[in-house]
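Inspection log for the structure reproduced underneath, given as structure tokens.
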Amino acid sequence: DAKTTQPNSMESNEEEPVHLPCNHSTISGTDYIHWYRQLPSQGPEYVIHGLTSNVNNRMASLAIAEDRKSSTLILHRATLRDAAVYYCILRGAGGTSYGKLTFGQGTILTVHP
Amino acid sequence: EAQVTQNPRYLITVTGKKLTVTCSQNMNHEYMSWYRQDPGLGLRQIYYSMNVEVTDKGDVPEGYKVSRKEKRNFPLILESPSPNQTSLYFCASSLQGANYPLHFGNGTRLTVT
């Protein structure tokens, strides 16, 4: 199974940009890169996903390296509500491989006022 | 409102007493899955289902059973719970394929004494 590696924790100040890295050196050509976040006492929440091109939505941006072995979730202006655990996972598109999912430990993001 | 509903939210039981945690989604999703979350171990997949009557093991299926008789429901069954199954459980669903986000429920906190 393809695995991802993320830093255990990161810190940011409010209203500053945050770049959360994820390494996935064993990614296959059809794996989608998904990001989720988990606020305290809640279930994980979808943030963004992509395959090859950079992606933007109302929550964040996803920058994917040209070789696809790493990606970066970008929160453009962190708020206190962005303090959460962020998970980067790979979801395989080949056949039924999208079913089995491996979550890493995630990155605990602390946002300082 | 589109959602994944888990019941109960909290459950305390004794060793060996069979229990079922229900999961229901109203988004007509083909894919559903169960995870457990433990401190220091992150989210680990228990079972997943690609569609009705199709289920498969995740990374930690021992001690659990699932069934998928209808598209909207995916119950998690613990036939003989043990204390090491004390955990926080999450159900998730998505459309079929890697290019779709997962939607998570709010979790069920299970304590087995």
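Throughout, read-outs are computed from the coordinates displayed, never taken from laboratory work. On a predicted model such as this, the values are computed, not experimentally measured, just so you know. All Cβ positions, even for glycine, are placed from backbone atoms using ideal geometry, and neighbour counts span all protein chains on display.
Kindly provide the trypsin sites (Lys or Arg not before Pro) of segment A:1-75 that DSSP labels as loop, not H, G, I, E or B, and whose Cβ sees at most 15 other Cβ atoms within 10 Å. Please list the in-between numbers first.
On the way: sites: A:3, A:37, A:58, A:68, A:69; in loops: A:3, A:58, A:68, A:69.
Those that pass, being in a loop and sparsely packed, are A:3, A:58, A:69.
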Please compute the volume of the convex hull spanned by the alpha-carbon atoms of chain B and report it per residue in Å³. 95 Å³
What's the local net charge at residue B:68, with K and R +1, D and E -1, over the other residues with C-beta under 13 Å away? 0
Please work out, to two decimal places, the log10 of the ratio I(q)/I(0) at q = 0.18, 0.20, 0.25 Å⁻¹ from a Debye calculation in which every Cα of segment A:1-49 carries one identical scatterer. -0.77, -0.92, -1.19
I need the Debye-formula profile for segment B:2-59: one equal scatterer per C-alpha, no solvent, reported as log10 I(q)/I(0) at q = 0.13, 0.20, 0.22 1/Å, two decimals. -0.44, -0.99, -1.13
Please report how far the C-alpha centroid of segment A:1-32 lies from that of segment B:29-84, rounded to the nearest whole angstrom. 26 Å
For chain A, what is the Kirkwood estimate of the hydrodynamic radius, computed as the reciprocal of the mean inverse distance between distinct Cα atoms, to one decimal in Å? 14.1 Å
Compactness summary of the protein assembly as shown: radius of gyration and Dmax from Cα atoms, Å, are 17.5, 52
Net charge of neighbours whose Cβ lies under 13 Å from the Cβ of residue A:10, counting Lys and Arg as +1 and Asp and Glu as -1: -2
Would you mind checking the pairs B:17/B:71; A:69/B:71; B:18/B:57; B:17/B:57; A:3/B:18 and listing those with alpha carbons more than 31 angstrom apart? A:69/B:71; A:3/B:18
